[in-house]
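Everything on this sheet refers to the single structure shown next.
Derivation of every value follows stated rules applied to the coordinates shown; laboratory data play no part. This one's a predicted model, so the numbers in the text were calculated from it and none came from an experiment. We place every Cβ from the backbone using ideal geometry, glycine too, and count neighbours over all the protein chains shown.
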Amino acid sequence: MRRVVDASPTARRTPSRADPTVPCSPPFYPHYISPKQTLTAPIPSTKQAPATTEQAGTEAKPKTERRKRVLSGVQPTGSIHLGNYFGAIKNWVKMQEEFDAFYCVVDLHAITAGGHDPKELVKSTRSSAAIYLAAGLDPARSNVLGLDPARSNVFVQSHVSAHSELCWLLNCATPIGWLEKMIQFKEKARKAGEDVSVGLLDYPVLMASDILLYNADIVPVGEDQRQHLELTRDIAGRVNNLYGGGKWKKMGPKGSRAPSGRFRGGEILRVPDAYIPEAGARVMSLTDGSAKMSKSNPAEGSRINVLDSPDEIAKKIKRCKTDAFEGLEFGNPERPEATNLLTMYQLCTGMTKEEVLGECGSMRWGDFKPALTDAVIEHLTPIQARYAEIVEEEGYLDGVLKKGADAANEVAEKTVADVRDAMGFMERIH
Ligand code: AMP
Ligand code: TRP
């Protein structure tokens, strides 16, 4: 088994995204998902994970092993759309069954574009969190997808100050050239012109902090986050190399412990794997099958939001771009809209690709569009109903977010304390 990314500081900096020859088969979830691999594949047992910050270093075997951990987040900018839902959130729901789950609303990321509207931010943060719960991440209830009551810790990123602190520490270990190469930065910076903020450049380091604070083993994201995950791995590798192992061990007397209680030495930060699903990793715009569905597209008709009413959904699908070919098919490069809309149907109905083809392959657009409309509405209706209940129930969301932030703080504080320790910061006197 070969890993795709060498997380050492000497690892190449150019993403291997485009290199189809790079195999990947880490022990459980691959860092780079091979095109054939999907979440529907049996999920191997993930109950145990070896040590990092919360457990022993290399010197001692961990006494108690923990479940493997998943972490992810969505920015509270605009509305959560089907790309966010199918690319990320829906997979989070499945993963919480097997993993120790931390899902955050990344509000600190949401201000990186600069000049945000504060009123909108707070509204969108609450609404995003409520959508997480409504989609099946509610720790108190059986979720709408029929799974057991969820076990996720749902929290708001800015409620855990360790995110900002670790970000600073990692900033000083991250070469600026690594950030300047990020595709999303280059694209967004081009659009922002002279107004581009330092925060936008630093965005991936904050994201790395989100992930590394929780020693996440796996990070479910859409395709567009692949490069950020690689960078996270590179940053973790670099910090481990610069400050971990023997150097950390020598920060105290032989066999001494770090603030988290683990022995000093070994990896400070766990190097995570990405999970990118096969279907849904890149949901495309309704008005252009070759462009990603995105919150920032000014054309509202380009996306379906999780909270769109049935009428809005019907209208958007009615007007969406199609083509003049006969029948419907997946994977024809000349028909990106067909692939996109069939995939959307597949994801909403839970059918396999083959079943979708069997049912819709010979349909005309005029027949398929109403079927797709029904499938999308049917999928979103229970989520919307639960969302309405959650926002109605006074104090409910706050309670969940408080619990989530408490649990997150407990883990995050330990990690950042260990990083401070390894980097040589004097301990605070109490
Ligand atoms: P963002 O809206 O940028 O905060 O994205 C949150 C999550 O949704 C990330 O995991 C993204 O990779 C994923 N995502 C965003 N847009 C899409 C899309 N069009 N298709 C699939 N996943 C997406
Ligand atoms: N950068 C991600 C996006 O826009 C959001 C994000 C922030 C995230 N921190 C994260 C995703 C940590 C996964 C893990 O899509």
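Points 7 angstrom from Cα along the Cβ direction at GLU194 and GLU329: gap in nanometres?
Modelled inter-label distance: 5.2 nm.
Would you please state the base-10 log of I(q)/I(0) at q = 0.21 1/Å for the range 300-392, with intensities from the Debye formula using one equal scatterer on every alpha carbon?
The calculated log intensity ratios at q = 0.21 Å⁻¹ are -1.03.
Given R₀ = 30 Å, FRET efficiency for LYS123-ASP367 by Cβ-Cβ distance, to 0.05?
For LYS123 and ASP367, the calculated efficiency is 0.15.
Which lysines, on any chain, are close to LYS191 with Cα under 22 Å apart, when same-chain ones fewer than 8 places away are left out?
Here the lysines satisfying the reach criterion relative to LYS191 are LYS181, LYS292, LYS295.
Can you tell me which of 308-317, 75-84 comes out highest on packing, and rank the rest after it, using the mean Cβ neighbours within 10 Å?
75-84, 308-317
Using the beta-carbon distance between GLU355 and MET251 and R0 = 56 Å, what value does 1/(1 + (r/R0)^6) give for FRET efficiency, to the nearest 0.05?
That gives a FRET efficiency of 0.45.
Can you tell me the order of 255-267, 220-232, 286-298 when each peptide is scored by its average per-residue count of other Cβ atoms within 10 angstrom, highest first?
So the order, starting with the most tightly packed, is 220-232, 255-267, 286-298.
Take every Cα pair under 8 Å in the range 300-392 that's 6+ residues apart, average their separations, divide by the length, and report that relative contact order as a whole percent.
Relative contact order for the range 300-392 comes out at 32 percent.
Once R0 is set to 25 Å, what does the formula 1/(1 + (r/R0)^6) return for the Cβ-Cβ distance between HIS116 and ARG67, expressed as a FRET efficiency to the nearest 0.05?
The pair HIS116/ARG67 has a calculated efficiency of 0.10.
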